[in-house]
Amino acid sequence: MIEINEMNISFLSKSINESFARNVVASFLLQLDPTITELADIKTAVSEAVTNSIVHGYGDQNGIVYINAKIFDNGKVIIKVKDKGCGIDNIERAMEPLFTTGIERAGLGFAVMQSLMDNVKVQSKLNKGTTVILEKNIIRRYYNDDKQ
Amino acid sequence: MAVSIQYLNGIMTAKLSGELDDHTTQEIRKNIDAQVEKRHPTILRLDFSHITFMDSSGIGLIMGRYRIIKFLGGELQIVNVPLRIMKILEISGMRALGIDIKGVGKND
């Protein structure tokens, strides 16, 4: 597995940036020629992770959300969404479906990420921040190497 | 406007459009709740035909409206859900609550 490209962005933890973030990642991944479904799945998962950082990681305070995305020659995509916010004291409980801290929230963020991605990892330290790592294998429909 | 609301004979129809995320649902929620509070509809119908993206914030929006309309003795209907949006709704297991969800007739 060889890394073929990488991107980094960082932005203020404002909810209006949720759309910016998922669309930037989707644009970057277009070079893998994903299907509309694969792209929609990744956009949704990124949106969940970024929303978690903004709403739960930073809450009322302003912070910076970092996204790193890497793509590999076999179609693998690894996306890291990181914040330096409050962290999660109990990751297992936070990942349980329907666990929520607010009445207008479904508590399904991690459930959605897990069902749309091939692998979801969460690293968190209280008062240090949280990193969500999303992995998905994009089915390669052609290889550039095969041409010519 | 991400939501346009019509009221006729007890049925309130809220046509949503664009992308449903944590940011956009805040405004939509305010608009719908203000009208529901004013009119007390017997049926609140959320029309999803022009929704192009949704994450779990959309599920939160539906659950919140479901609680309010149940409290008022009314019913919630979700109509014209595009296939890709239906996938997110299925994850939520919302049908088990008895929420009436209808997709669009054709595949998109």
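The values are calculated or read from the model by the stated rules, or taken from the named source; none is laboratory data. Computed from a predicted model, the values in this text were never measured in an experiment. When we count neighbours, we look across all protein chains shown, and the Cβ atoms used for this are built from the backbone with ideal geometry, even at glycine. Just so you know, the surface numbers come from the protein's heavy atoms only, side chains and all, with ligands and any DNA or RNA stripped out. Shrake-Rupley method; radii C 1.70, N 1.55, O 1.52, S 1.80 Å.
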| Where residues in the range B:39-49 are part of a strand (DSSP E or B) and either open to solvent by less than 40 Å² (accessible area, probe 1.4 Å) or not polar (S, T, N, Q) (or both), which of them is farthest from residue B:13 (Cα to Cα)? | B:48
| request: Within the range A:109-125, track down each residue that is touching a residue at least 60 places away in the same chain (Cβ under 8 Å) and more than 10 Å from the chain's Cα centre (by Cα). | output: A:109, A:110, A:112, A:116
| Options B:76, B:20: the member that is crowded, with 21+ Cβ neighbours inside 10 Å, in contact (Cβ under 8 Å) with a residue 40 or more places away in the chain and touching a Phe, Trp or Tyr at 6+ places or on another chain (Cβ under 9 Å) | B:20
| query | Here is a list of conditions, (1) more than 14 Å from the chain's Cα centre (by Cα); (2) within 13 Å of chain B (Cβ to nearest Cβ); (3) polar (S, T, N, Q), and residue A:61 meets all of them except one; can you say which number that is? | reply | (2)
| request: Would you check which residues across the range B:92-106 are touching a residue at least 24 places away in the same chain (Cβ under 8 Å) and facing another protein chain (nearest Cβ under 10 Å) and list them? | output: B:92, B:94
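Picking from A:21, A:40, A:26, which residue would you name as being closer than 25 Å to residue A:115 by Cβ, surrounded by 15 or more Cβ atoms within 10 Å (Cβ to Cβ) and within 8 Å of chain B (Cβ to nearest Cβ)?
A:40
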| If we scan the range A:1-12, do we find a residue that is at pLDDT 95 or above and within 10 Å of another protein chain (Cβ to nearest Cβ)? | no
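Matching residues to (1) open to solvent by less than 50 Å² (accessible area, probe 1.4 Å); (2) hydroxyl-bearing (Ser, Thr, Tyr); (3) part of a helix (DSSP H, G or I):
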site: B:6; (1), (2), (3): no, no, no
site: B:25; (1), (2), (3): yes, yes, yes
site: B:34; (1), (2), (3): no, no, yes
site: B:37; (1), (2), (3): no, no, yes
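How many residues does the range B:50-81 contain that are within 13 Å of chain A (Cβ to nearest Cβ) and not in a helix (DSSP H, G or I)?
As a first pass, look at the range B:50-81 and keep what is within 13 Å of chain A (Cβ to nearest Cβ): B:51-68, B:71.
Retained after the next criterion (residues that are not in a helix (DSSP H, G or I)): B:51-55.
Here the count works out to 5.
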| request: Among the residues of the range B:1-49, count how many are more than 11 Å from chain A (Cβ to nearest Cβ), of a type in the set (Gly, Ala, Ser) and out of contact with any Leu (no Cβ under 7 Å at 6 or more places or on another chain). | output: 5
| Restricting attention to the range B:28-36, does a residue exist that is touching a Lys or Arg at 6+ places or on another chain (Cβ under 7 Å) and of a type in the set (A, V, I, L, M, F, W, C)? | yes
| remark: Within the range A:76-108, the count of residues that are within 14 Å of chain B (Cβ to nearest Cβ) and modelled with pLDDT under 90 comes to 15
